[in-house]
Amino acid sequence: MKNILKAAAVAAIIGTTAFGTAIAADVAVTFDPGIVAYGYSDGYWTTKREWRTWDKPEYVEVYRKHPGARYYEWKHDRDPDMGWRGEIVIAK
C-alpha cells in the first residue's frame with residue numbers, strides 16, 4: 001500500500017510538470033512598435049532609452065509601417081550619440 005501511494009504521488013508530480021510545460025509552450029510573444037523611439041538596421045531604442053536588437057526581421061517592417069516611425073537605414077553606432085536623438089516626447 002505504501003508503494004502504491006508513493007507511485008501515485010510521483011505520477012501526479014510528473015503529470016503536473018508535463019502539463020505546466022505544455023502551457024508554457026503556448027505563450028506567444030508579440031512585438032509592440034509603440035515602445036520604439038528610434039529604429040535602425042541593427043536594432044532600436046525603446047522609449048525608456050533601452051537599446052535592443054530586432055528579435056525577428058519582420059519586426060523591422062512592422063515598425064517601419066507604424067505611424068510616426070523614426071527609422072534610419074544605418075547602424076546606430078554610426079552617430080556619436082549611438083543613435084539616441086533626444087528629440088522624442090514620450091507621452092504616458
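Selection within segment 49-64: residues that are assigned to a loop (DSSP other than H, G, I, E, B) and free of Cβ contacts under 8 Å to residues at least 24 places away in the same chain. The member of this set that is surrounded by the most Cβ atoms within 10 Å (Cβ to Cβ) is 54.
Of the conditions (1) at pLDDT 90 or above; (2) loosely packed, with under 10 Cβ neighbours inside 10 Å; (3) more than 18 Å from residue 76 (Cβ to Cβ), residue 24 satisfies every one except a single condition; which number is it? It is condition (1) that residue 24 fails.
The values are calculated or read from the model by the stated rules, or taken from the named source; none is laboratory data. None of the values given here were measured: they were computed from a predicted structure. As a convention, Cβ positions derive from the backbone with ideal geometry for all residues, glycine included, and neighbour counts pool all protein chains shown.
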